[in-house]
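The values are calculated or read from the model by the stated rules, or taken from the named source; none is laboratory data. Worth saying up front: this structure is predicted, and the values here are computed from it rather than measured. Here the Cβ positions follow ideal geometry from the backbone for every residue, glycine too, while neighbour counts run over all protein chains shown. Surface accessibility is based on the protein's heavy atoms, side chains included, excluding ligands, DNA and RNA. Shrake-Rupley method; radii C 1.70, N 1.55, O 1.52, S 1.80 Å.
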Amino acid sequence: MTAPMLIRDAAWAVVWDAPAKRHAYARGMDVLIEGGRIAAIARHDPDAPPPEGAEVVDGRRMLVMPGLVNIHTHPTTEPASRGVREDHGVPEQQMTGLFERLQAFRIDQAGQAAAMRLAYAELMSAGVTSVVDLSPPFPDWLPIMRESGLRVWAGPGFAAAHWGMSAPQTVTYLWNRENARTQFEAAKQVMKQAEADNSGRLHGIVFPAQIDTVEEDMLREAIAYAGETGRGFTTHIAQAVVEVREMIRRHGTTPIQWAESIGLLTPRSILGHAIFVDEHASIGWHTAKDIGLVADSGATVAHCPTPFARYGEHLKHFGKYRARGVNMGFGTDCAPHNLIEEMRLAIILARNAVRDVAAADTGSVFHAATVGGATALGRPDLGRLEKGAAADLVLVDLAHPLMNPPRDPLRALLFHAADRAVKRVLVGGETVFANGRPTRLDVTEAAGILAESQARMLRDARGRDYRGRSGDEISPLALPLH
C-alpha cells in the first residue's frame, strides 16, 4: 500500500459535480489520498497540518485532473506501423489500407513486447490511467501489464475467419471454425489469469475480434458469457465500408441493426468505432436507425478519430451521437497512443462535419475520455475526482509555456500543450509516470527491438502479400531515396 499523499493548494482541479453529473473547475484545492483512494477534497486550509508520514505535493502551479480512460487500443501491434501506415490506403476499398496491411504485415513476439512497452509509456505520458488492451495474447502480455502499474482490461481476441485479398477490390474471408473455439477457450483462461493477478489492476474483457469474422452462434455465446461472468464485451463494428457491405450481403441489414437483433447491444457492450452507420454518407443505406439503436441499448461507442481521418473518413459526428444519447468514450486504436490529441481531433472533425463550432467542445470530449469510458467499464470510481474514487490522477504543469496564459487549463491542455505538460500520473495513489518517464516500466531497449522486428515484418511481407510485394513496395518512403 502506498503512503498517504496530500496535493496541497492545487491552483486548478477538475472535480466531479455529482448532482449535475458533470465535471467542474475548482480553485485552491487540497486533495488527500489514502489507501489508494481519494480521502478528501476541500478548499485549501493553510493551518491544517498534513497527515503524519504523508508526501506533500505543492499544487500551486498544477492542474489536478482525473486520469483518462482509453477503451480501445492495440498497443502490441500498432507501434510497428510507425512510418508505414500514415499515408497507406487502397482506393478500391474506400481508401482504407486495413485489409491489405493485416494480410501482409505480421510482427513477431519480440516486437510485440517492445511495441507494448513503448505504447504503454506513451499512454501514461498523455494522462491515461486505465486502458483496454485488445491484442492477440502472447507470453509477455500479462507480465508487462502488471509491470506498467496501469489499470488494464485484457481483451484476448478470437475469431473464426481472417481477411485475405486476391485483388485490390476483393476482400475474402478465410474461415476456420474449429480454431475459433480453441481461441475462445484460451481467451477465457487468459482473462481468468489477469483477474487473479495480485495487483488487483488487471481485468478481462470479452473480445470477439470483428462483427464480420465471428459467426452468430459464437457472438451470442460471447455476450452471454460476458453477462454471466460480469465482464465487459467489445468488438469492432461498422469500422469499414467493406465490412458494412459484406454484412448487408449476408443479412440484408447493417452491422449495427444485425447486432441489435442478436442481442449484442447492451450496457456492457463497447462498440469499436461504429463510424459507418446507416446514415453515413459513405454507406447511404435507406434507414436512419443505427445511432438510435446504440443509444437505446446503453452501449458505448469507442471513438478513435486518427486512423480514419488519415484516409479521409470520420464519424459524423461526435455531437450527433452524444445528442442522440449515445455514451461516448475514447480510444487511440493506433499509434500515436495520445488520448489528449484524439480529443482535440474529435472536436475539429465534428465541427468540420457540420460547420458548427457547437458540434463538440472541450468539456464534452473530456467527459467522454473520463466518465464515458469509466461508465463503459462499469467503474463509477474511475474518471472523476471525488471522495471515495480511485486515486487515478494526472498532475499537469501550469508553468509549462504552452499552458500559458492558464485562463482555461483544459483548453490549454487539449489545444496547445497536450502530453508535453503532463508532469505526473498516479494509479491508485502510486506514481507510475513522472518527469517524462514511466517509473516502473522498462523501455530501455524497446525502441531498438521494435525497429529490428519492423524490418523483419517489412521484409517478410513478400511471402504474404497477394501481389508478392515487400513492405517497402506496399508502403514506400515519404520521399524518394537518392
- Item | Computed label-point distance, nm, for sites Arg355 and Leu102 using a 7 Å Cα→Cβ extension | 3.7 nm
- Query: How large is the accessible surface per residue of the chain, computed with a 1.4 Å probe and reported in Å² as a whole number?
  - Reply: 40 Å²
- Query: What FRET efficiency would be calculated for the residue pair Ala20, His482, taking the C-beta separation as r and a Förster radius of 56 Å, to the nearest 0.05?
  - Reply: 0.40
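Taking K and R as +1 and D and E as -1, what net charge do the other residues with C-beta under 13 Å from the C-beta of Arg424 add up to?
Details: positive: Arg61, Lys423, Arg437; negative: Glu55, Asp58, Asp392, Asp397, Asp419, Glu430.
Within the 13 Å Cβ shell, the charges total -3.
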- HN-Hα couplings for region 251-258 via Karplus (6.51, -1.76, 1.60; θ = phi - 60°), in whole Hz with x for Gly/Pro, come out as 10, x, 7, 6, x, 5, 5, 5
- Expressed in nm to one decimal, what extension gain is obtained for the pair Arg411 and Glu86 from 0.36 nm per residue of sequence separation less their Cα-Cα distance? 114.3 nm
- Of all accessible heavy-atom area on the chain, the percent that carbon and sulfur account for (1.4 Å): 50 percent
- Query: Is the shape of region 32-149 rounded, prolate or oblate, going by the alpha carbon gyration tensor and its root eigenvalues a ≥ b ≥ c, with a/c under 1.5 for rounded and a/b larger than b/c for prolate?
  - Reply: prolate
- Contact order normalised by residue count of region 208-316, Cα under 8 Å, 6+ apart, percent: 25 percent
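Below 8 Å between Cα atoms, with a sequence gap of 6+, how large is the relative contact order for the chain in percent?
Answer for the chain is 21 percent.
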- Task: Tell me the label-point distance for the pair Glu52, Arg467, using the 7 Å Cα-to-Cβ offset, in nm and rounded to one decimal.
- Result: 7.4 nm
- Message: Is there a quick way to get the dipole size of the chain? I mean about its Cα centre, with the Cβ of Lys and Arg at +1 and of Asp and Glu at -1; what is the value in debye to the nearest 20?
- Response: 600 debye
- What distance in nm separates the simple spin-label points at Glu178 and Gln109, each placed 7 Å from Cα in the Cβ direction? 2.4 nm
- Query: For Glu147 and Ile348 in one chain, what is 0.36 nm times their gap in residues minus the Cα-Cα distance, to one decimal in nm?
  - Reply: 68.8 nm
- Note on the structure: In order over region 87-99: 3J(HN,Hα) from phi, Karplus 6.51/-1.76/1.60, θ = phi - 60°, whole Hz, x for each Gly or Pro, gives 10, 8, x, 10, x, 5, 10, 6, 6, 5, x, 3, 5
- Query: Expressed as a whole number of Å, what is the distance separating the alpha-carbon centroids of region 249-267 and region 1-60?
  - Reply: 45 Å
- So the FRET efficiency between His286 and Asn435, C-beta based with R0 = 51 Å and rounded to 0.05, is 0.35
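Quickly estimate the mean residue ellipticity at 222 nm for the chain, helices only: each DSSP H run with n ≥ 4 gives -39500 (n - 2.57), and the total goes over all residues, rounded to 500. Mind showing how you got there, number by number?
Values: 16 runs with 151 residues, N = 482.
Calculated at 222 nm, the ellipticity per residue is -9000 deg cm²/dmol.
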- Lys/Arg Cβ at +1, Asp/Glu Cβ at -1, dipole of region 73-124 taken about the Cα centre: which of Gln109, His74, Phe99 is farthest positive-ward? Gln109
- Message: Calculate the FRET efficiency for Arg43 and Ala447 from the Cβ-Cβ distance with a Förster distance of 51 Å, rounded to the nearest 0.05.
- Response: 0.70
- Please go through region 437-482 and write out the GluC sites (Glu not before Pro) that DSSP classes as loop and that have at most 11 other C-beta atoms within 10 Å. Glu445
- Task: Would you please state which residues of region 203-240 a label at Phe138 would reach in this model, taking the label point 7 Å out along Cα→Cβ and a backbone N cut-off of under 19 Å?
- Result: 209
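What percent do you get for the relative contact order of region 156-215 when only Cα pairs under 8 Å and 6+ apart count? Write out the running numbers ahead of the final one.
Values: 75 pairs, mean separation 26.6, N = 60.
The normalised contact order for region 156-215 reaches 44 percent.
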- Message: Between (i) 37, 25, 23; (ii) 37, 27, 17; (iii) 37, 31, 22, which entry matches semi-axes √(5λ) of the Cα gyration tensor in Å as derived from the coordinates of this structure?
- Response: (i)
- Could you work out how far the C-alpha centroid of region 157-195 sits from that of region 451-482, in angstrom? 25 Å
- Query: In cubic angstrom, how much convex hull volume per residue do the alpha carbon atoms of region 197-339 span?
  - Reply: 121 Å³
- Task: Please give the per residue volume of the convex hull enclosing the alpha carbon atoms of region 120-168, rounded to a whole number of Å³.
- Result: 119 Å³
